[in-house]
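Notes for the one structure printed next.
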Amino acid sequence: MDALFEFLCRMGDNTLVLGHRVSEWCGTGPVLEEDIALANTALDLIGQTQMWLGLAGDVEGKGRSADDLAMLRDAWDFRNVLLVEQPNGDFGQTMMRQCLFDLWHEAQLAALSTSTDPRIAAIAQKAAKEVAYHAERSADLVIRLGDGTEESHGRMQAALDLLYPYVGEMFESDAVDAAMAEAGIAPDPASLRPAYDSRLAALMAEATLTLPDSRFAHSGGRTGFRHSEHLGHLLTQMQWLQRAYPGATW
Amino acid sequence: MDALFEFLCRMGDNTLVLGHRVSEWCGTGPVLEEDIALANTALDLIGQTQMWLGLAGDVEGKGRSADDLAMLRDAWDFRNVLLVEQPNGDFGQTMMRQCLFDLWHEAQLAALSTSTDPRIAAIAQKAAKEVAYHAERSADLVIRLGDGTEESHGRMQAALDLLYPYVGEMFESDAVDAAMAEAGIAPDPASLRPAYDSRLAALMAEATLTLPDSRFAHSGGRTGFRHSEHLGHLLTQMQWLQRAYPGATW
Amino acid sequence: PEKLAEFQARIDAGEKIEPKDWMPVGYRKTLIRQIGQHAHSEIVGQLPEGNWITRAPTLERKAILLAKVQDEAGHGLYLYCAAETLGVSRDELTEMLLDGRMKYSSIFAYPTLTWADMGAVGWLVDGAAIMNQVPLQRTSFGPYARAMVRICKEESFHQRQGFDIMRKMAGGTEAQKRMAQDALNRFWYPSLMMFGPPDADSVHSSQSMAWKIKMNTNDELRQKFVDQTVPQAEFLGLSIPDPDLRWNEETGHYDFTPPDWDEFFAVLKGNGPCSVDRIATRRKAWDDGAWVRDGLMAHAAKKRAARTAAE
Amino acid sequence: PEKLAEFQARIDAGEKIEPKDWMPVGYRKTLIRQIGQHAHSEIVGQLPEGNWITRAPTLERKAILLAKVQDEAGHGLYLYCAAETLGVSRDELTEMLLDGRMKYSSIFAYPTLTWADMGAVGWLVDGAAIMNQVPLQRTSFGPYARAMVRICKEESFHQRQGFDIMRKMAGGTEAQKRMAQDALNRFWYPSLMMFGPPDADSVHSSQSMAWKIKMNTNDELRQKFVDQTVPQAEFLGLSIPDPDLRWNEETGHYDFTPPDWDEFFAVLKGNGPCSVDRIATRRKAWDDGAWVRDGLMAHAAKKRAARTAAE
């Protein structure tokens, strides 16, 4: 298993799966402006996926394109964190998921912008601009809905309680991460946590939301060992046409 | 286009798609006894599908099995009526859909039991016993929930209003039906309507529900010209494994 | 009456009417209806395409489709803003859509059943929309005309993308060709219906044309659409599903079979194949989003109160 | 105390205790807990398999899986009935499941991710369940013992079906083999956990064994399961994901690595991979079904009233 390929799949699968989830909102947002913003976020994430998985395919050297990787792997070969495959739930849950991911994503891309691998640095620099906007928007909505009505506060707190156990996985390290860190390609995930934690704490305070006490974290997504049941269902949709009409070009 | 093949696909696709829909309830029924009954109904319908589509494959003579027909056709080649592909909605909607279908199904199978094609007569006779039970149960539930609480009445009326425009398609005739009727293989669909209507009227009266005034009917399912958007989504799930792993045996 | 003549004179002179200008009640009412329905069509129009976003065959196609749907939501936004200048709020318009007092384009009551439908929608539906909308860039009401300028630019981009999908499909595998033809078969007549009923049955036409709210008759535009589309279908190698379609040397136009107007009126009455689903989807989005809208307003009120207290 | 001795004597003599017989409070309480949790496990256990009913690869496999899930619901029904003889209603038990006062088997908090998991669940999970349940056919409480007789018969049928799926997969394409191995990798340790914590940490064991509510210790059954399963895995050509697994000539048993008990207790606390989803699904089913249950009761009441009036 090539560590670099694995690392790139983790980056690209995160954006692919989250982009897909966000795109499920199409035409059903709570306000027209949010419909537009959601479509825009999904669009950015899919664009980033093309870059990450495109590079992953190049690195692998077996002639697989970004589309091949996206459309022709089964769930167990996906390397996204469990957080991004969780269902949309209500708009609050979607925004909380986005916010918890964006804060990590922003820090990760900042670190990758100085990667020793210039291809990775280039992608990260491009993506960082988009993600800065995602993070600003999702954090803003978490604050406004957290500190809104009693109902919106309750829903945002429920979303935080539901999703917080998926935060820890983003900061886990394994042999792939060690190899990346050693080569100066990517940061040690754990190194991003303190800043994330303090940013999240400040954000949640402003949103009048309470972070759960427990640091318990689910895992199994970024290693591929054990995804949630949700991913397989997502893939039945996402991959349908490529599976049903193999070899066609679109 | 062989009319007999077409007719058999209509029978088999109805039971396949409805069986799939009912199976979506697995483990989430309102009462344990209903979970069991729903699974049992789905099981019967899938069993009938094996017989109808198995015979369709034989009649076609191209070596396609029932599984091939179920798992490897795209939406446009399906010949089920639109009624059975409509989403489950709440339990009332599921039972209303079942009831509207069962009453037709029971009459259709009774007629087919004396088909000039002995293979069809044999399948119909076997299926008729199962479907008699389905019809008894769904009609009973429609009555009990229609004449239950105000809420259950309102939900059942909404389900009837929603689904009644899909009733008419079951009684439409085209060249396929004319050929079948002429050969004594199957009844002219229109010939089943008067008895259906009076049975339905009596049932709805007992359920204290009001049949819509309009006889407007959607169509396009049994001819395959225009299914609803729901069918394609159903197929992404149903056909996933066969599409993703072509040629494997299970 | 004097004011009315003056108003008509301004229109005849090609001047734009602006929101603060005096205008006849009927002009305002007709415009609200027309702009509102146009806005609703953009919003509801997201749904048939949204139906395939999660199943787009490649990342590129998914991105293009997302961008298109995003544009449509944007068009909805411009149009609601144009309508708001006439004194009706977006929420009021939305309620009228949801309870059936206002309509949306009949075409979006039809389902999208294969990927080729994404091509057909772009090619035919956006093509028909553009044909309706290009003249509206010269409509008499300023905000509407300006919104149309922006919208038309994006729509013609969408149409080219749709045609590109069709070309890929029509030049693809046997299954893809069949998909492309099937999509044309299903969308041909509904597209012809997009220009509205035959001129003979069209209710609001003559006054609207005098006011330059409507610039061409339904039948004129329909004919223009057919004349433009038939050669494109030939280029794609697809057959228009009309056995009586033929070039008429004398008129210099194609003769064609009109759509089934009973079907059209059934769709307008809410009996389109997807009519119930579309409104149910929008209704659910609206209802499910109520807590979000309330939450955002409550937060804004808190901030305002805090600012006021600080001053 | 006299009654207690008499009760114990009956149990020691192998007599069955019936619902109307006197029984110690603790016996009743322990049985309610055990039967209730067993019933809940059948109900929640429908969900991981239900997850693949809509994706079953063939009609035959779909039918088999439907029949299996139907059996499980049936087992739940027998067991709730057995529990009801002890004076607790099905609705009370359900509420206790939903608010976390009662548990279900930890295994069902794990996800089913490929079709091979349908094989692994049948082979390993039903296999472990049978090993737990066969001795319970001789349990001291009559209704529970009788329910177990019926259940064990069906479970062993399910186990054979599961093994059959595994055999197909392990003997199939490369991808299928990989799926089979992956399923074993994920389900091995969770299956070992099904026998409960190590005897040293087991809270209720000794009294339950004296009362013949529990017939064997957790570790005994776990060892028996390993001894039975390892040769089956070899037969399938699959590797048990335990590098330290080896046959011990002296003991005549396999030595094996115990599961991660921290994970086990985390699952029991509701931190299993699917714990939140499982209860949310059941909660939603229960809440969504309220109007149905109310409607059916209201109808029955109307019918009763009508009958009374007629008499």
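The values are calculated or read from the model by the stated rules, or taken from the named source; none is laboratory data. The structure displayed is predicted, hence computed values, not measured ones. Cβ atoms come from the backbone with ideal geometry, glycine included; neighbour counts cover every protein chain shown. Calculation scope for accessible area: heavy atoms of the full protein, side chains included, ligands and nucleic acids excluded. Shrake-Rupley method; radii C 1.70, N 1.55, O 1.52, S 1.80 Å.
For segment C:53-128, a/c is not less than 1.5, where a ≥ b ≥ c are the root eigenvalues of the C-alpha gyration tensor, and a/b tops b/c. That puts it in the prolate class. With a simple spin-label model that places each label point 7 Å from the Cα along the Cα-to-Cβ direction, the separation between D:E154 and C:T85 comes to 6.9 nm. Here, segment C:118-228 has an Rg and a Dmax of 15.8, 51 Å when only alpha carbons are counted.
Averaged over the residues of peptide A:141-154, the number of Cβ atoms from other protein chains lying within 10 Å of each residue's Cβ is 5.
Modelled spin-label separation between A:E172 and C:D288, with each label point placed 7 Å from Cα along the Cα-to-Cβ direction: 3.0 nm.
In this structure A:S65 has an accessible area near 50 Å², from a 1.4 Å probe over the protein heavy atoms. Distances between copies at C:K29, taken between label points 7 Å from Cα along the C-beta direction, are 7.7 nm in increasing order. Along chain D, counting only trypsin sites (Lys or Arg not before Pro) with a DSSP assignment other than H, G, I, E or B and at most 14 other Cβ atoms inside a 10 Å radius, the longest segment between sites is D:102-311.
Here's the picture: charge each Lys and Arg Cβ at +1 and each Asp and Glu Cβ at -1 in chain A, and of A:T28, A:A201, A:A70 the one pushed furthest to the positive end of that dipole is A:A70.
Label-point spacing at C:N248 relative to the other copies reads 9.6 nm, in ascending order, each point sitting 7 Å out from Cα along Cα→Cβ.
Considering the options D:H40, D:P1, D:G14, tell which one lies farthest towards the positive end of the dipole of segment D:1-48, charges being +1 on Lys and Arg and -1 on Asp and Glu at the Cβ, about the Cα centre. Farthest along the dipole direction, towards plus: D:H40. Under the combined filter of DSSP loop state and at most 14 neighbouring Cβ atoms within 10 Å, segment A:4-43 retains none of its GluC sites (Glu not before Pro). Relative contact order, percent, of chain D when contacts are C-alpha pairs under 8 Å separated by at least 6 residues? Relative contact order for chain D comes out at 19 percent. Membrane-span-like helices in chain D, defined purely by DSSP H runs whose alpha carbon atoms cover 20 Å or more axially and whose average Kyte-Doolittle hydropathy reaches 0.5, do not occur. Provide the percentage of antiparallel DSSP beta bridges, counting only those with both residues in the protein assembly as shown; round to the nearest 5. Bridges in the protein assembly as shown are about 75 percent antiparallel.
Surface exposure of the protein assembly as shown, expressed per residue as accessible area with a 1.4 Å probe, stands at 38 Å². Other protein chain C-beta atoms within 10 Å of residue C-beta, averaged over C:284-291: 5.
Under the rule a/c < 1.5 gives rounded, and otherwise a/b versus b/c splits prolate from oblate, where does segment D:140-199 land using the Cα gyration tensor? Here segment D:140-199 falls in the oblate category. Accessible surface ranking for A:T236, D:T257, 1.4 angstrom probe, highest first: D:T257, A:T236. Which helices of chain A meet both criteria: a Cα extent of 24 Å or more along the helical axis and a mean Kyte-Doolittle score no lower than -0.5, with helices taken as whole DSSP H segments? Length and hydropathy pass: A:3-23, A:32-60, A:91-112, A:118-146. For segment B:1-115, the Cβ-based charge dipole about the Cα centre amounts to some 200 debye (Lys, Arg positive; Asp, Glu negative; other atoms uncharged). Using a 1.4 Å probe over the heavy atoms of the protein chains, calculate the carbon and sulfur portion of the accessible area of the protein assembly as shown as a whole percent. Exposed carbon and sulfur together represent 55 percent of the surface. Couplings 3J(HN,Hα) of segment A:239-250, computed from phi: 9, 3, 5, 5, 6, 6, 10, x, x, 6, 10, 10 Hz, in residue order, whole Hz [Karplus 6.51 cos²θ - 1.76 cosθ + 1.60, θ = phi - 60°; x for Gly and Pro].
Could you list which residues have their amide H under 5 Å from that of D:F141, counting only those 5 or more apart in sequence or on another chain, with H placed in the peptide plane? So D:F141 has HN proximity to D:I17. For peptide D:68-77, the mean count of partner chain Cβ atoms within 10 Å of a residue's Cβ comes to 5. Which residues does the label zone of D:V203 cover in segment D:30-50, counting backbone N under 17 Å from a point 7 Å along Cα→Cβ? Correct set: D:30-38. With the label put 7 angstrom out from Cα along the Cα-to-Cβ vector, A:Q125 ends up 8.0 nm from the copy partners, going from closest to farthest.
Computed about its Cα centre, the charge dipole of segment D:105-257 is approximately 720 debye, with only Lys, Arg, Asp and Glu carrying charge at their Cβ. The convex hull around the C-alpha trace of segment B:71-139, projected and averaged over every direction, spans 5.7 square nanometres. Chains A and C together bury roughly 4100 Å² of accessible area, counting both sides, with a 1.4 Å probe on protein heavy atoms only. Remark: segment C:1-58 carries a charge dipole of roughly 220 debye about the Cα centre, counting +1 on each Lys and Arg Cβ and -1 on each Asp and Glu Cβ. The sum of -39500 (n - 2.57) across all DSSP H runs of n ≥ 4, divided by the residue count of the protein assembly as shown, sets its helix-only mean residue ellipticity at 222 nm to -21000 deg cm²/dmol.
Seen from C:K284, the other residues with C-beta closer than 12 Å to its C-beta sum to a net charge of -1, counting Lys and Arg as +1 and Asp and Glu as -1. Estimated at the nearest 10 Å², the accessible area of A:V59 is 40 Å² with a 1.4 Å probe.
Here B:D2 sits with roughly 80 square angstrom of accessible surface, probe radius 1.4 Å.
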